[in-house]
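Novice: Below is the structure I would like to discuss, written out as structure tokens.
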Amino acid sequence: MFKPSLMLSALLFASGGAQASELQDVNKIVQQANLAAYYAADDGRAEARMLIEDRDGGRQSRQFTILRRDRAEGGDQDFLVAFSRPADVRNTVFMVAKHVAADDDRWLYLPGLDLVKRISAGDKRTSFMGSHYFYEDVSGRNLNDDEHKLLSSEGRFYQVLNTPKDPATVEFSRYQVWIDKANMLPVKIEYQDETGSVYRRVEVLDISEVQGIPTVTRSRVSDLRSGGSTTMEFRFQKYNIGLDDAVFSERSLRKLPRQWLKRPAS
């Protein structure tokens, strides 16, 4: 249901349609993958659980509900992430106004301090609520921030290499994405450092159909340096629920739109 660097779209509500013929234009490939991964229907919701594990076997979890609305197909979007568990993060809210032609606006509401914190562009590749996901993973990386090169179109996947136009703004030197030709969903991404070593991996583990739309239901981010990982599971996804402007207003940071956070009738 989202829009992070080609892949995390798949993590946060991904959809796809069958690809009738193979593509050779890499820009068309990444554009279609972006649409398949982040623009399912007009809006949507899901309940998510993150299981965070460190290299020594320590575990912690986070539960939250995600609401997403598209302002335009392939264009600006709104996201609201409301945490419910554990108790120390309950009612914490992350909200994003995603902009295609400018930097995103991101806010984090901390209920214990009754504080709304603006997340700067420089912080977008830092840990999201103590997990191995980054803020940018949740709200998405702009396709125009990278140069794209088609490495292979053999077999089941398009393999695309993405290189940042401004290396000083990110911690990676490049990242490779595997895009499933059958539905144009990104199903794996590997980030490389300046030596070419893969240090971070994102994988889609399970996909199910929701309202006829192929949708990611489980994925994982692994930190190959530390040995830690975060697994994300999604349940009770639903599309086209009719989210309105008020859901993504500043008021919703402190006063949650609970009617939209309720689990929909099956």
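All of the numbers you see were taken from the coordinates with simple rules; none came from a lab. Computed from a predicted model, the values in this text were never measured in an experiment. Positions of Cβ are backbone-derived with ideal geometry, glycine not excepted, and every protein chain shown enters the neighbour counts.
Novice: Just how far, in whole angstrom, is segment 171-232 from segment 114-156 if you go by their alpha carbon centroids?
Specialist: If you average the Cα positions of each part, the centres end up 12 Å apart.
Novice: Still on this structure: Compute the acute angle (0 to 90°) between the alpha-carbon long axis of helix 26-38 and the principal axis of greatest extent of the alpha-carbon atoms of the chain; round to the nearest 10°.
Specialist: That helix lies at roughly 30 degrees to the long axis.
Novice: Here's a follow-up. Estimate the FRET efficiency between Gln31 and Thr169 by the formula 1/(1 + (r/R0)^6), using the beta-carbon distance for r and 35 Å for R0, to the nearest 0.05.
Specialist: Computed FRET efficiency for Gln31 and Thr169 comes out at 0.95.
Novice: How large is the charge dipole for the chain, taken about the Cα centre, if only the Cβ atoms of Lys, Arg (+1) and Asp, Glu (-1) carry charge, to the nearest 20 debye?
Specialist: My answer is approximately 920 debye.
Novice: Identify all aspartates and glutamates with a Cα-Cα distance to Lys262 below 15 Å; exclude those on the same chain that are fewer than 8 residues away in sequence.
Specialist: Partners found: Glu47.
Novice: Efficiency by 1/(1 + (r/R0)^6): what FRET value for Asp76 and Arg263, r their Cβ-Cβ distance, R0 = 45 Å, to the nearest 0.05?
Specialist: Computed FRET efficiency for Asp76 and Arg263 comes out at 0.95.
Novice: Once the other residues with Cβ under 9 Å from the Cβ of Gln176 are scored (Lys, Arg +1; Asp, Glu -1), what is the net sum?
Specialist: That works out to +1.
Novice: Mark the label point 7 Å from the Cα of Gln24 along Cα→Cβ and return the residues of segment 149-168 whose backbone N is within less than 12 Å of it.
Specialist: 153
Novice: By how many nm would the segment from Glu147 to Ser197 lengthen if fully extended, with 0.36 nm per residue of separation less the alpha-carbon distance?
Specialist: Using 0.36 nm per residue and subtracting the Cα-Cα distance, I get 16.1 nm.
Novice: Sum -39500 (n - 2.57) across every DSSP H segment of at least 4 residues in the chain, then divide by the residue count to get the 222 nm mean residue ellipticity, nearest 500.
Specialist: -2500 deg cm²/dmol
Novice: How much of the calculated P(r) for the chain lies past 32 Å, in percent of all Cα pairs?
Specialist: 17
Novice: Still on this structure, please answer the following. At 7 Å along Cα-to-Cβ for each site, give me the label-to-label distance between Asp244 and Asp88 in nm.
Specialist: 3.8
Novice: Hey, which lysines would be in cross-link range of Lys28, C-alpha to C-alpha under 30 Å, not counting anything within fewer than 8 residues on its own chain?
Specialist: Lys3, Lys98, Lys124, Lys149, Lys165, Lys181, Lys188, Lys238
Novice: In a shell of Cβ-Cβ distance under 11 Å around Gly242, excluding Gly242 itself, what net charge do Lys and Arg (+1) and Asp and Glu (-1) give?
Specialist: 0
Novice: Grab the other residues whose beta carbon is less than 12 angstrom from that of Tyr199, score K and R as +1, D and E as -1, and report the net.
Specialist: That sum, taken over residues with Cβ under 12 Å, equals -1.
Novice: How do the peptides 187-196, 216-225 rank, highest first, by the average count of neighbouring beta carbon atoms within 10 Å per residue?
Specialist: 216-225, 187-196
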